[in-house]
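Chemist: Shown below is the structure under consideration.
The values are calculated or read from the model by the stated rules, or taken from the named source; none is laboratory data. The model shown is predicted, which means the values in this text are computed figures rather than measured ones. Note: ideal-geometry Cβ built from the backbone for every residue, glycine included; neighbour counts use all protein chains shown. Each accessible area value is taken on the protein alone, full model and side chains, heavy atoms only, with ligands, DNA and RNA left out. Shrake-Rupley method; radii C 1.70, N 1.55, O 1.52, S 1.80 Å.
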Amino acid sequence: MGTLQGRQAQAAVPPQPAQLEGVLERITYANEETGYTVARVDTGRGGELLTVVGALLGAQVGESLRMHGRWGSHPQYGRQFTVENYTTVLPATVQGIQRYLGSGLIKGIGPKFAERIVGHFGIDTLTVIEEQPSRLIEVPGLGPKRTKMIAAAWEEQKAIKEVMVFLQGVGVSTSLAVRIYKKYDDASISVVKNEPYRLAADVWGIGFLTADRIAQAVGIPHDSPERVKAGLQYALSQSSDQGHCYLPEERLIADGVKLLQVDVGLVIDCLGELVAEEGVVRELLPGDDGESVSAIYLVPFHRAEVSLSNQLLRLLHADADRMPAFSDRHGPGVDWSKALPWLAERTGAELAPEQEQAVRLALTEKVAVLTGGPGCGKSFTVKSIVTLALAKRAKVLLAAPTGRAAKRLAELTGHQAATVHRLLELRPGGEAAYDRDRPLDADLVVVDEASMLDLILANKLVKAVAPGAHLLFVGDVDQLPSVGAGEVLRDMLADGGPIPSVRLTRIFRQAQQSGVVVNAHRINEGKPPLTDGLPDFFLFVEDDTERTAGLVVDVVARRIPQRFRLDARRDVQVLAPMHRGPAGAGNLNTLLQAAVTPGREGLPEKRFGGRTFRVGDKVTQIRNNYEKGSNGVFNGTVGVVTSLSVEDQRLTVLTDEDEEVPYDFDELDELQHAYAVTIHRSQGSEYPAVVIPVTTSAWTMLQRNLLYTAVTRAKKLVVLVGSRKAIGQAVRTVGAGRRHAALDHRLSSG
């Protein structure tokens, strides 16, 4: 009995603290959010590589590490070392130095140059780079330019390391530490210690939660007013990410109490201070039930909503008319009895009555909206409007929110089209070259895929339209609303609003032959899609979520290319309801990359966080970055990796706007793989073939407008993979209710 108790006591003893030294050979897993890492290290004892797990933030392949932690055993992976903290030790052997330098850690040195430098300086290499970097010019092939670059990169690496050592104690990941350093330079540690909540506003990728963790680590009190105000602004910012322009005051206070875990009185007081300091705007708005709602806005959203409403009304009621030929207000207008037959001759088809109404509306009203589902002739109507405007020598500008949509608009009309961002020439900081003081030189501006326009972008665009010009919004209001805040298209179409509109409802005979079009309309009407006997719409039934993911990969990589002669990477797009889960976009990207762009011996690749980038990868930008490319690169831009250099620590992406954009390796958290994207991210794009996993694990996301949006992205082919139950749930469930926005109220009240 005593022996048994002794054994139990022994089993409960925690593992003893230990130290381990080794060279980091490879990172097999890294969680970008928590910094938890699984890696393999070489301890130099000639044996197998050892597994280490835990806090390895900032450690780079090739570095020698002194790790403090504890030995343990994993039931599946065996003996491993759990790291609690570590320090970097510069390698002491020639081989170690060469491996360290060749790992891509220092910009300008790849494996080839590392071998040359170490061959020349031997064991003194690191001392030379540290103390006499000008001597690097002694190495054959290293010119003054590269020598300078290496010296600068070494210094920056040292400074970043110092910031990282400090940030490691407060749990900040490598990529964020690099960003903090790039933002504040030598002031980094001071800002982090003294003004941590500034990070949430200044540094992309750091939200309130990370800033709050840092603030607690540096001793800022839990009930500090600074903390509460930052938390309230964060709650509003989170709600704008969910599409809201404001939050009702009661809901914001409740969210604040829950987020901050502080007294409700403190939250109310701090909100009052924020309003007084003009950090947020409070406004009474009419509610749905006739009661007033106290709405709290972040300042930019309030400004944008008021401005957009005013600008739309200003354009709508302008006295000037830059297309007087179509108006009878300034004398006899166009003779439609002659214009329409002439148009039919030019375009090869007559307009249906509702299309004719839309053409007249766009050319006679200063602001108008054209909406309708697939196959109802929106595109042909737009082409007709543009053809007539050009015939009267009007200056026409065409735009769409994405590169793909702009390309399609140009093909359709035979007239040049641009993304809204390029049209406005958005600059670093998000300011536009064209605005109210310097309007676009256009008589007619047509914006396609207008359901994608969020409040901020719509405001920038409308501000840039000259008084007297005509502005036409074209889009499908039944699709998902914009990724950004607001429901601009829906608010402009609100009952009783001042903006004239036409909704096309008739499906043309040619489109009735398409299973994609027919099923899109069935879904929109709340009917299940037809999946038998159609040449362009298929369902593969699979109730198990993990098997669904495998089946999606098989459909994309093998079945569609074989049967339809489509390219798995270029022509087929997987659209998932969610990012997470076995059949979510995140996991599907890993599986699809392995099937479509596998790693090959001798070809360079870059592991960043939990992802590996290779030449040929399909990728998407996940934030607006006004500094990149000729006019910025925007959230949702898709492209292909065309080159990757470990030596220059850079890869290049050819975007769908045919622009080559370079990314330094420390910017790779702005890119995600795009073999699979969420349906929300696919808005405005069109693909030859679309594959949609629909599983019960995405139950909360399954809504009619989500499935409808996914199906309407396809030009030729839709393949649903998943369960009939999940499809039924999506078809039956009508949206998640309206967003908190007041553009419709502002337009109606004038």
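Chemist: Would you mind working out the magnitude of the charge dipole of the chain relative to its Cα centre, with +1 at each Lys and Arg C-beta and -1 at each Asp and Glu C-beta, to the nearest 20 Debye?
Modeler: Dipole size: approximately 1960 debye.
Chemist: Further, regarding this structure: Quick one: ranking Y197, Y626 by accessible area, 1.4 Å probe, largest first, what do you get?
Modeler: Final ranking, largest accessible area leading: Y626, Y197.
Chemist: Output the 0 to 90 degree angle, nearest 10, between the alpha-carbon long axis of helix 111-121 and the longest principal axis computed from the alpha carbons of the chain.
Modeler: Orientation of helix 111-121: about 30 degrees from the principal axis.
Chemist: Over 27 Å between Cα atoms: which of K378/K407; K378/K628; K383/K527 fall into that group?
Modeler: Pairs exceeding 27 Å: K378/K628; K383/K527.
Chemist: Using a 1.4 angstrom probe and counting only protein chains, how large is the accessible area of R116 in Å², to 10?
Modeler: Probe radius 1.4 Å; accessible area of R116 about 100 Å².
Chemist: How far is helix 144-168 tilted, in degrees, relative to the longest principal axis of the Cα atoms in the chain, given as a value from 0 to 90 rounded to the nearest 10?
Modeler: Between the helix axis and the principal axis of the chain, the angle is about 80 degrees.
Chemist: Only Lys, Arg, Asp and Glu count, each charged at its Cβ (+1, +1, -1, -1), so figure out the dipole size of the stretch 628-750 about its Cα centre, rounded to 20 debye.
Modeler: So the dipole magnitude of the stretch 628-750 works out to roughly 1440 debye.
Chemist: On to the next question. Return the distance in nm (one decimal) between the two label points of a simple spin-label model at Q95 and R607, each offset 7 Å from Cα along Cα→Cβ.
Modeler: So the two model labels end up 2.0 nm from each other.
Chemist: Let me ask something else. Report the trypsin sites (Lys or Arg not before Pro) located in the stretch 600-663 that are in a DSSP loop and have at most 14 other Cβ atoms inside 10 Å of their Cβ, or state none. Walk me through the numbers on the way to the answer.
Modeler: Values: sites: R600, K606, R607, R611, R614, K618, R623, K628, R650; in loops: R600, R623, K628.
When the trypsin sites (Lys or Arg not before Pro) of the stretch 600-663 are filtered for loop state and at most 14 Cβ neighbours within 10 Å, R600, R623 remain.
Chemist: So, one more: Nearest 10 degrees, 0 to 90: what angle lies between the long axis of helix 225-241 and the longest principal axis of the chain (Cα atoms)?
Modeler: 50 degrees
Chemist: Using DSSP to call loops (not H, G, I, E or B), can you name the GluC sites (Glu not before Pro) in the stretch 590-688 whose Cβ has at most 11 other Cβ atoms within 10 angstrom?
Modeler: Of the GluC sites (Glu not before Pro), the ones in loops of the stretch 590-688 whose Cβ has at most 11 other Cβ atoms within 10 Å are E601, E627.
Chemist: Something else now. What FRET efficiency comes out for R565 versus R346 if R0 is 22 angstrom and r is the Cβ-Cβ distance? Round to the nearest 0.05. Working shown, then result.
Modeler: Values: r = 35 Å, r/R0 = 1.57.
Using R0 = 22 Å, I get an efficiency of 0.05.
Chemist: Additional query: Identify the trypsin sites (Lys or Arg not before Pro) of the stretch 499-587 meeting these criteria: DSSP loop state and at most 10 other C-beta atoms within 10 Å of the C-beta.
Modeler: In loop regions of the stretch 499-587 (DSSP not H, G, I, E or B), the sparsely surrounded trypsin sites (Lys or Arg not before Pro) are R565.
Chemist: Leaving out ligands and nucleic acids, note down the accessible area per residue over the chain with a 1.4 angstrom probe, in whole Å². Show your work: numbers first, answer last.
Modeler: On the way: 33880 Å² over 750 residues.
I get 45 Å² per residue for the chain.
Chemist: If you don't mind, another one. Report, ordered by chain and residue number, the lysines lying within cross-link reach of K463, taken as a straight Cα distance under 20 Å and ignoring same-chain residues fewer than 8 apart.
Modeler: Once the sequence-local lysines are set aside, what remains near K463 is K366, K395.
Chemist: Of all the accessible heavy-atom surface of the chain, with the other protein chains kept in place and a 1.4 Å probe, what percent is carbon and sulfur?
Modeler: Looking at the chain in its full context, I get 49 percent from C and S.
Chemist: Could you state the number of Å between the C-alpha centres of the stretch 472-513 and the stretch 572-637?
Modeler: The stretch 572-637 and the stretch 472-513 have Cα centres spaced 31 Å from each other.
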